[in-house]
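Computed from the coordinates by the stated procedures, all read-outs in this text should not be read as laboratory data. All figures in this text were calculated on a predicted structure; none of them were measured in a lab. Heads up, the Cβs are rebuilt from the backbone with ideal geometry, glycines too, and the neighbour counts pull from every protein chain shown.
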Amino acid sequence: MHTRSGFNGGGRAAELLSPAVIVLALVALLLVPVVIQREVAEIRAEIQDAADPARTAVTNIQYLLARQTSSLRGFFISRDSSYLESYRSFAVREREAQDRLSTLVRRLGNDPLAHSVELRALSERWHMELELDLREGAGVGPGEIPFESGLYLEALGAASRLDEALARATRERRDAIEAAERRARWLQVGLGVLALAAALSTAWLSRRVQRLAAEAEARRHEAERALAETARAVESKARLIRGVTHDVKNPLGAADGYAELLEMGLKGDLTPSQVKVVAGIRRSIHGALEIIQDLLDLSRAEAGDLPVEHRPVRLDRLVEEVVEEYRGSAAASGHTLQLALSPDRPIALTDGARVRQILGNLLANAIKYTPGTGHIGVAVGLEPNGAGPRPGRWVCVRVSDTGPGIRPEDRDRIFEEFQRLAETTVRGHGLGLSISRRLARLLGGDITVESEVGQGSTFVLWLPGEPG
Ligand code: ADP
């Protein structure tokens, strides 16, 4: 039972989870390539728009540096100023290339940037040194060519270091692109597997739900069949009881008639001991007739064909009358019988005759089962909202006694047919309370019992009150 309900709880959670997982996996499957493509596109743009043009710029700078030195060499050898002009124009182009380069390398991280700064600084220092030499140019002799000084060579070295740094940056970016594409592939495979697993578990769950639904349907059919069978059994039992009681009632009635004739002396005078025997016979016959009547009532109540009315009934008056009927029998048993009427004149929507029958049973039991000289109390009143068996307005009649009380474990049993407590020695046939409870329920009410063993019992008859 436990594991079953545990499974159901888990099953319901999985039922909701699987479709959610499928949807999430599919959305992720669509989103992953988009996100990765965007990431890859950014890196590709860095290579195409920055790294490749930067490498071109570096090659250009190397070329321009070489052209500057060859122009200067021409100038120093020939002293022809056209060489100087050509040097200056290459120097201007180199500066432009340096400007372009520094904007490009800014996008490629610290390493290329540092090398480009170094290249620019060395080139500028070389140009400054050259300008000084050109100003003092007259004193420079062949073989002492300043443009080939250490700074020029350092600038060329810096250019090739920058080129390597740019090649490294490009490689790193290509590696990052490959890694992102590999990641995307794995993610897609993983998400595909997840979606597949969720789809399979959904299919499995829906099959299980179908099986459970089929089982529930089968159980419902079974319950309906059992209900119909019970109804048939109740009906045939009721028919049997009605038939038997009818057949037994008539001969018993006839036997009582004959006994009455004897009692009346129509067949000759009876001796005192014969009178006693005939009285005994009549008591037994009356007892049997009572049982038959009870059985008849019970089977009709069980089959639901005991007609009951629902009319406004002044309960205080009715209860008073019933109490008066039983006053003699209570006194004969040595009990006091007290009635407490509430001033609120409770009116119940009920059937007066059935209420008399129920109260008669409860009072007869209280008198019968209370030993010695006891006290029996009857109280009628409106009950506050919420105190009754169901929400609504209730009138209740309490019949209390100072008898032996009823143990908690017996309090339901005494309302079953033919159930009598083991310690009960007083005569009875165990039908009164079960008929009374059935009647009370037919009237829309109930009977409950409160009791303390050794102190007494209180039987409470609940009846629906007239709506206020
Ligand atoms: P009967 O009185 O004919 O035996 P009931 O159905 O009226 O049948 O009562 C069932 C049993 O409940 C009784 O046999 C008795 O053991 C117990 N019982 C009923 N009323 C009382 C009471 N007021 N005090 C103690 N026991 C009771």
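At-a-glance table
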read-out: Taking Tyr152, Tyr258, Tyr83 and counting other C-beta atoms within 10 Å, the order from fewest to most; value: Tyr258, Tyr83, Tyr152
read-out: Whole-Å distance, taken between Cα centres, linking the stretch 21-62 and the stretch 249-268; value: 118 Å
read-out: At 1.306 mPa s and 10 °C, Stokes diffusion of the stretch 212-348 via Kirkwood alpha-carbon radius, µm² per second; value: 78 µm²/s
read-out: Which of Ser71, Ser329, Ser78 has the fewest Cβ neighbours within 10 Å, and the rest in rising order; value: Ser78, Ser329, Ser71
read-out: Average Cα contact separation per residue, the chain, under 8 Å, 6 or more apart, as relative contact order %; value: 12 percent
read-out: Nearby lysines by direct alpha-carbon distance to Lys267 (threshold 21 angstrom, same-chain neighbours under 8 apart not counted); value: Lys276
read-out: Point-to-point label distance, Val453-Lys249, nm (Cα→Cβ direction, 7 Å offset); value: 4.1 nm
read-out: DSSP H segments from the chain that extend 24 Å or more along their own axis, Cα-based, with Kyte-Doolittle mean of 0.5 or above; value: 2-46
read-out: For the chain, size of Cβ-based charge dipole, Lys and Arg +1, Asp and Glu -1, in debye; value: 1180 debye
read-out: Whole-Å semi-axes of the chain's equivalent ellipsoid (Cα gyration tensor); value: 123, 26, 17
read-out: Gyration tensor verdict on the stretch 335-375 (Cα atoms; rounded if a/c is under 1.5, prolate if a/b is larger than b/c, oblate otherwise); value: oblate
read-out: Partners for Lys237 among lysines (Cα-Cα distance below 19 Å; same-chain residues under 8 apart left out); value: Lys249
read-out: Ordering of 105-111, 211-217, 359-365, 188-194 by packing [mean C-beta count within 10 Å, highest first]; value: 359-365, 105-111, 188-194, 211-217
read-out: Computed FRET value (nearest 0.05) for Leu200 with Asp49, which takes r as the C-beta separation and R₀ as 56 Å; value: 0.75
read-out: Top positive-direction residue, dipole computed over the chain with Cβ charges, set Ala199, His335, Ala228; value: Ala228
read-out: Protection proxy ranking, peptides 428-440, 447-459, 161-173, average beta carbon neighbours within 10 Å, highest first; value: 428-440, 161-173, 447-459
read-out: Assigned charges on the beta-carbon of Lys, Arg, Asp, Glu; the stretch 384-468 dipole about Cα centre (debye); value: 240 debye
read-out: The stretch 242-376: relative contact order as a whole-number percent, Cα under 8 Å and 6+ apart; value: 24 percent
read-out: The stretch 401-468: proportion of alpha-carbon pairs further apart than 15 angstrom, %; value: 57 percent
read-out: Amide proton proximity set for Gly405, modelled H, under 5 Å, gap of 5+; value: Gly454, Gly456, Ser457
read-out: Of Asn365, Leu261, Val355, farthest towards positive along the dipole that unit charges on Lys, Arg, Asp, Glu beta carbons give the chain; value: Leu261
